[in-house]
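Report on the structure given below.
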Amino acid sequence: MVNIFAFFNKFLKNLFRKKSHVKLGLYGPPNGGKTTLANRICQDWLGEDMGSVSNIAHETREVQIKEQINIKNKEGKELSFNLVDTPGIATKIDYEDFLKQGMKDKEAKIRAKEATKGVIDSIKWLDEMDTVIIVLDSTIDPYSQVNITIIGNLAAREIPVLIVANKVDLKKSNIKKIESAFPQYEVIGISGKYGTNIEEFYNALFKYAS
């Protein structure tokens, strides 16, 4: 009888230790390519897009979720996760920036308000994440207050982090600068738009999200 109880307790511990659906969050500043990467993942494994993309900042202003994405590697291992695409995090959102993009006054103010709420929601969702992919534009200087704030919040929560240096297809791309800025994390250079190095990215997910 004692052995049966011991087996049952061990079974319960293993059951609750292993999460059926890992929450994988895409985080980073606006226009880094989070939704482009999310669309790439969803197209590769679900045959559909995650959301719309735009050259104007804060196109994604609400948290978007795709549940139960199952990926496989060449060794036959499988990984199941819920993909969470979050609004871009910014320290300042000014509706006048949207006016400069050709928006009308009312539309610009609504977008700024929604974008601000989106930033707050992104930070709130950090506590729900099991693993975070930080998506950075590799053509932009990574030493920013936004990036340092995101990294600091993740470090404080002890959440596993993988950094994606996106847009390696562009001439100004500089992966080494991102590696120097955050040497404590693995950095993988990809092009979410064209799928460059996407297999390397998927392989990395097995280390950080399983």
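Can you give the FRET efficiency to the nearest 0.05 for N203 and K109, using r as the Cβ-Cβ distance and R₀ = 45 Å? Can you show the working numbers first?
Numbers: r = 44 Å, r/R0 = 0.98.
Working from the Cβ atoms, E equals 0.55.
What is the calculated FRET efficiency for N153 to Q68, with r their C-beta to C-beta distance and R₀ = 30 Å, to the nearest 0.05? Don't skip to the end; give the middle numbers.
Details: r = 27 Å, r/R0 = 0.89.
Approximately 0.65, to the nearest 0.05.
At a threshold of 8 angstrom on Cα-Cα distance, excluding pairs fewer than six apart, so keeping six or more, what relative contact order does segment 132-210 reach in percent? Could the numbers behind the result be given before it?
On the way: 107 pairs, mean separation 24.5, N = 79.
About 31 percent, as a whole number.
Rounded to the nearest 5, what is the percent of antiparallel bridges among the DSSP beta bridges in segment 88-210? Write down the numbers at each step before the final one.
Working: 1 of 10 bridges.
Antiparallel: roughly 10 percent of the beta bridges in segment 88-210.
Output ³J(HN,Hα) for segment 27-38: one whole-Hz value per residue in order, computed from phi by the Karplus curve 6.51 cos²θ - 1.76 cosθ + 1.60 with θ = phi - 60°, and x for Gly and Pro.
Ordered by residue, 3J(HN,Hα) equals 10, x, x, x, 6, x, x, 4, 5, 4, 5, 4 Hz.
Here, each number is a calculation from the coordinates, and none is a lab measurement. Everything numeric in this text was worked out from a predicted model, so none of it was measured. Virtual Cβ from ideal backbone geometry, glycine too; neighbours counted across all protein chains shown.
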